[in-house]
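In what follows, a single structure is set out as structure tokens and then discussed.
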Amino acid sequence: MSIKKKYPLPRTYVRNVVVITIFIGLTVMSNHIHFNKTIIPISAAASQIGLWNITLHITESSGVGNTVIFGKATDASDGLDLYDLPEPPISPQLPFIRSWFDTSFAEPFNNLLQEYKSFSSDRAVWNLSIVWVPVPGNQSTTKVSILWDPAQVNASYNHSFLLYENITVVADMVMNGSYSFMTNGTLHRFQIIYQNEISNNTGKPMEIPIFPLIIGGFVFIVIIVAAFIFIKRKMK
């Protein structure tokens, strides 16, 4: 019966394993220095250059209607700029719908048909007013609808668009394309609030915390190699 001899592990083999392990660890740490750069979240909306706009069509059940436009542009401001157009003269024909954006600007720019905000703003608010003016003596109520194309809203990228009446959210303009309400000729005030998702963070850059994991993995490998060498020596 032959007896298998237990040969000690060659010292050169052990030395090579240790050297290779250290080399791998140093290489991973070196790569980490290049990889662990600051990553700043940038939404698609913030990276676009130009302008976007959304058209609101306000209609009443009898067929009368009006249109207003709001948006953002790189060369616009949150104050009065060349994009801000005043509301046209009131129609003499009844019934009709008036719709405009309320501002703090001097007349005639206090009521705007079109209002643009600064493209760099992460949050913007448009104050929309709508009133249905019936023929004299008409005391009935009617249905007024605000219509928009969700594709236009989605084209302005990472954001939220909420339509408020008073302080209540009545429509998510990203998910829906219309909102309707009943009126008897009273003034209805709305707010359209745009919120860029990037403004929800603290403004601090995000760092990927992988350095502790690399160090831990490197130490683990060294411990395994050391244990392997110790066991082999015991088996001599």
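The values are calculated or read from the model by the stated rules, or taken from the named source; none is laboratory data. Treat the numbers as computed from the prediction; the structure is a model and nothing was measured. Cβ: placed from backbone, ideal geometry, glycine included. Neighbour counts: every protein chain shown.
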Checked the stretch 125-139 for anything of a type in the set (Gly, Ala, Ser) and under 18 Å from GLY65 (Cα atoms); matches are SER129
Answer yes if at least one residue in the stretch 118-130 is of a type in the set (Asp, Glu) and modelled with pLDDT of 95 or more, and no otherwise. no
Of all residues being modelled with pLDDT of 95 or more, among the β-branched types (Val, Ile, Thr) and surrounded by 16 or more Cβ atoms within 10 Å (Cβ to Cβ) in the stretch 51-85, which is nearest to SER120 (Cα to Cα)? Just the residue, please. ILE69
From the list ASP75, ASP122, ASP102, ASP149, which one is acidic (Asp, Glu) and either without any contact (Cβ under 8 Å) to a residue 12 or more places away in the chain or farther than 24 Å from VAL174 by Cβ (or both)? ASP75
From the list VAL68, VAL131, exactly one residue is β-branched (Val, Ile, Thr), touching a Leu at 6+ places or on another chain (Cβ under 9 Å), part of a strand (DSSP E or B) and farther than 29 Å from GLY50 by Cβ. Which is it? VAL131
Taking the stretch 167-188 on its own, how many of its residues are over 26 Å from the mean Cα position of the chain (by Cα) and either part of a strand (DSSP E or B) or loosely packed, with under 13 Cβ neighbours inside 10 Å (or both)? 8
When residues of the stretch 118-149 are limited to those that are closer than 10 Å to GLY185 by Cα and of a type in the set (S, T, N, Q), the one surrounded by the most Cβ atoms within 10 Å (Cβ to Cβ): THR142
Report, ordered by the first and then the second residue, all pairs with beta carbons closer than 6 Å, sequence separation of six or more or different chains, a first member in the stretch 153-179 that is closer than 18 Å to LEU128 by Cα, and a second member that is modelled with pLDDT of 95 or more and loosely packed, with under 13 Cβ neighbours inside 10 Å. LEU162/VAL169
